[in-house]
């Protein structure tokens, strides 16, 4: 071995510095030195109810009921997006009605917001996944705002929500809806909205910033939370199972196209009512499926799973939701023993 | 003659340095993407998947080239434990270069996510949907990522040790930019 020309100690120190610095940069990238960074883990942890998360369940929208059906595209959507899902035809749908709660056992009457997750599969092997809610606007403008809302709601400080609302004036529109809009007595009567904007790309390559909604065929029947409570803690899933067993339930999918200057990046702000909208097809819920034993349990209705012809916009939520949903999925699949598929599968 | 090569072949050196960049980027993107909810999340995940498949393809090519061309011998005066460490670490690096992308692909398959790479290529699922397989593969992917980074750091430390302390030519077998075998 040739003799070192400089002291080995210096060389060893250099090696230690290179390795140490690399490890430090790696740890920094992983967020280990950034306790203030909003990570998927922190966001998902903040969703947990005081008694802890419902193990094995989605960390939000934990209570729900699965269904299968189809999306019947009328072809009109092809003007906006080249996605196969808008070409005339019927495409299989897996979906789930749900309540926006982190508690899988929450009584129906305690949850204000209803949700719908769907996955539409097309013959080209692509998928469109979407998770919508019945509120007309989202409570906050940014994912950071959503995190602050979770902290404020969970806080024991008397003024936490008051301070939150003062800091987030955009919350007023959602608050007004939550307070003043009648509750519905069936998932079948809910209008579900994407709220987030997305970009549709047509065959010519032109981009359209859109939001979409599912409009129910069933006439809404309002009910007070007190009356809903009297019908039982799981009334909504029992009701939809019964209703779908009687007849398939339908929603019209409407795509609304933004005009320049519309708040595409902010789901807490509605677009003006005169924006052009296109009816692109009909969602038919044909069969209610078992929740614990059914096909929805291990599906992540990640709103960033989009077919060619759709992509995310400047709206920051789909990325944040994708990150948080993935975290939730990773946690709950590891907790399968806490939410086992049961042998009977009788509970619808 | 192959047996007395003093450097890796130019193709091996090219693959090594190309993959070094890819793997380091991959590890940093991996820990970065799972710790953010900003809009960066989606492109990072997208790059992570594409780069993973690229690394898998490059690693398989590299394995073939390695089997074909072999490697220059280690210095005869290298202590046996160091020789053993060198050989074992190279086996581990190859196993991770090939195994990690496969585990990631299998993990996405078990979760029934569409596996899309390079923007438009849909890869088939290589496992059926399964919560238990997903959980197991996720743990493996997560733990092995840190093991991989630790191994890369050890590899760098060993390379620098050869270059700066032992000065025994091992570093030059891969670092040299000349096309001559020497």
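Any read-out appearing in this document is the output of simple, stated calculations on the displayed coordinates, not a laboratory observation. All values reported here derive from a predicted model rather than from experimental measurement. So basically every Cβ, Gly included, is an ideal-geometry build from the backbone, and we count neighbours across all protein chains shown.
Remark: A:138, B:118 ranked as B:118, A:138, counting other beta-carbon atoms within 10 Å and listing the fewest first.
Determine the calculated [θ] at 222 nm for chain A from helices alone, applying -39500 (n - 2.57) to every DSSP H run no shorter than 4 residues and normalising by the residue count; nearest 500 deg cm²/dmol. Dividing the helical sum by the residues of chain A leaves -8500 deg cm²/dmol.
Note on residue A:204 and residue A:161: their simple-model spin labels are 5.0 nm apart, each label 7 Å out from Cα toward Cβ. Per-residue ellipticity at 222 nm from helix content only, as computed over chain B with -39500 (n - 2.57) for each DSSP H run of at least four residues, stands at -23500 deg cm²/dmol.
Under the rule a/c < 1.5 gives rounded, and otherwise a/b versus b/c splits prolate from oblate, where does region A:162-260 land using the Cα gyration tensor?
Values: a/c = 3.27, a/b = 1.26, b/c = 2.59.
In terms of gyration-tensor shape, oblate.
Taking the centroid of alpha carbons for each part, region A:228-307 and region A:111-174 are 15 Å apart.
Which FRET efficiency value, to the nearest 0.05, is calculated for residue B:14 and residue A:308 with the Förster distance at 25 angstrom and r the Cβ-Cβ distance?
Details: r = 34 Å, r/R0 = 1.34.
The calculated FRET efficiency here is 0.15.
In plain terms, the residue of A:322, B:9 with the fewest other Cβ atoms within 10 Å comes first and the most crowded comes last, giving B:9, A:322. Using a cutoff of 8 angstrom between alpha carbon atoms and counting only pairs six or more residues apart, the relative contact order for region A:179-319 works out to 29 percent. Ordering A:325, A:339, B:122 by the number of other Cβ atoms within 10 Å of each residue's own Cβ, fewest first, gives B:122, A:339, A:325. Which parts of region A:283-314 would a label at residue A:105 reach, counting a residue when its backbone N lies under 17 Å from a point 7 Å out along Cα-to-Cβ? Counting only backbone N, you get A:292. Distance between the pseudo-spin-label points of residue B:65 and residue A:153 (7 Å out from Cα toward the beta carbon): 5.4 nm. Take the Cβ atoms of residue A:172 and residue A:221, set R0 to 30 Å, and the FRET efficiency comes out at 0.65. Mind checking the angle between helix A:317-333 and chain A's longest principal axis? C-alpha axes, 0 to 90 degrees, to the nearest 10. That works out to roughly 80 degrees. Against the longest alpha carbon principal axis of chain A, how many degrees, from 0 to 90 and to the nearest 10, is the axis of helix A:171-180 turned? Between the helix axis and the principal axis of chain A, the angle is about 30 degrees. Please report the relative contact order for chain A, taking Cα pairs under 8 Å with a sequence separation of at least 6, and give it as a percent rounded to a whole number. That works out to 23 percent. Against chain B, whose longest principal axis is taken from its Cα atoms, helix B:131-160 shows a tilt of about 30°.
Across peptide B:28-35, the average count of Cβ atoms from other chains found within 10 Å of a residue's Cβ is 6. The mean sequence separation of alpha-carbon pairs under 8 Å and at least six residues apart, normalised by the residue count of chain B, gives a relative contact order of 29 percent.
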